[in-house]
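Engineer: Let me begin by handing over the structure; questions about it come next.
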Amino acid sequence: MDLVEAIKNRRSIRSFKGDVVSEEDIYKLLEAASYAPTAGNVQPWIFIVVKNIKTKKNLAVSALNQLWMTEAPVVIVVCANLARAKRFYGERGKDLYSIQDTAAAAQNILLTAVSLGLGGCWVGAFSEARVAKILDLSLELRPLALIPVGYPNEEPQPSSRFKLEEAVSYVE
């Protein structure tokens, strides 16, 4: 699939078939994430792959009871290693670059999922403290996105977009 086509076809999928996502496809998702742009090549991301139903349920409860997440065969938790980012760029690395870098990695996961016939949803509404406890994360790891992934059991319509002219300005 062409990249622009994947971008235009990406939708937030919240209903999944029960089919297992292969280890090969999970690897492709994570490999694509690892190629995201990153400030100073710091690569502050840590990816946690969750398949256990009890853990997925706990994550879904921590995400404002979005229990649809448990339908996904896999949930990828995208975390930032704050200590790594801070070591190279101080507070700006910890507070900004780590978020930008992991956001780019999350987007790569979602676009790669589309190219593989999978679907996913970027979940950002969750209790970071609860997710950290559920996954027993160290204090230096900050969970920033939960991405349920699986084979779509729905075909959401495209959402409306602003006209490009409303979002772009040129400066000479």
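The values are calculated or read from the model by the stated rules, or taken from the named source; none is laboratory data. Keep in mind that this is a model prediction, so the values were computed, not measured. Here Cβ is always computed from backbone atoms with ideal geometry, including for glycine, and neighbour counts include all displayed protein chains.
Here is a yes/no grid of residues against (1) modelled with pLDDT of 95 or more; (2) touching a Leu at 6+ places or on another chain (Cβ under 9 Å); (3) more than 26 Å from ASP136 (Cα to Cα):
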position	(1), (2), (3)
ALA6	no, yes, yes
VAL74	yes, yes, no
ALA83	yes, yes, no
PHE88	no, no, no
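Engineer: What do you reckon, is ALA83 hydrophobic (A, V, I, L, M, F, W, C) and either touching a strand residue (DSSP E or B) at 6+ places or on another chain (Cβ under 8 Å) or within 15 Å of LEU146 (Cβ to Cβ) (or both)?
Structural biologist: The answer is no for ALA83.
Results for (1) in contact with a Lys or Arg (Cβ under 9 Å, 6 or more places away or on another chain); (2) surrounded by fewer than 19 Cβ atoms within 10 Å (Cβ to Cβ); (3) over 18 Å from LEU111 (Cα atoms), shown as yes or no for each residue.
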site: ILE7; (1), (2), (3): no, yes, no
site: SER12; (1), (2), (3): no, yes, no
site: SER15; (1), (2), (3): no, yes, no
site: ASP19; (1), (2), (3): no, yes, yes
site: GLU31; (1), (2), (3): no, yes, no
site: SER34; (1), (2), (3): no, yes, no
site: PRO44; (1), (2), (3): yes, no, yes
site: LYS56; (1), (2), (3): no, no, yes
site: ASN65; (1), (2), (3): no, yes, yes
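Engineer: Got at least one residue in the stretch 147-155 being over 18 Å from LYS57 (Cβ atoms), in contact with a Phe, Trp or Tyr (Cβ under 9 Å, 6 or more places away or on another chain) and aromatic (Phe, Trp, Tyr)?
Structural biologist: yes
Engineer: Which residues, counting only those in the stretch 67-116, are in contact with a Cys (Cβ under 9 Å, 6 or more places away or on another chain) and either basic (Lys, Arg) or surrounded by fewer than 19 Cβ atoms within 10 Å (Cβ to Cβ) (or both)?
Structural biologist: The one that is in contact with a Cys (Cβ under 9 Å, 6 or more places away or on another chain) and either basic (Lys, Arg) or surrounded by fewer than 19 Cβ atoms within 10 Å (Cβ to Cβ) (or both): TRP68.
Engineer: Tell me which helices (runs of 4 or more DSSP H) are completely within the stretch 75-162 and hold 1 or more residues being among the aromatic types (Phe, Trp, Tyr), within 24 Å of GLN43 (Cβ to Cβ) and in contact (Cβ under 8 Å) with a residue 12 or more places away in the chain, or say none if there are none.
Structural biologist: Here the list reads 82-92.
Engineer: Could you please let me know if THR55 is farther than 20 Å from ASN153 by Cα, in a helix (DSSP H, G or I), within 12 Å of the chain's Cα centre (by Cα) and not charged (D, E, K, R)?
Structural biologist: Against the criterion (farther than 20 Å from ASN153 by Cα, in a helix (DSSP H, G or I), within 12 Å of the chain's Cα centre (by Cα) and not charged (D, E, K, R)), THR55 does not qualify.
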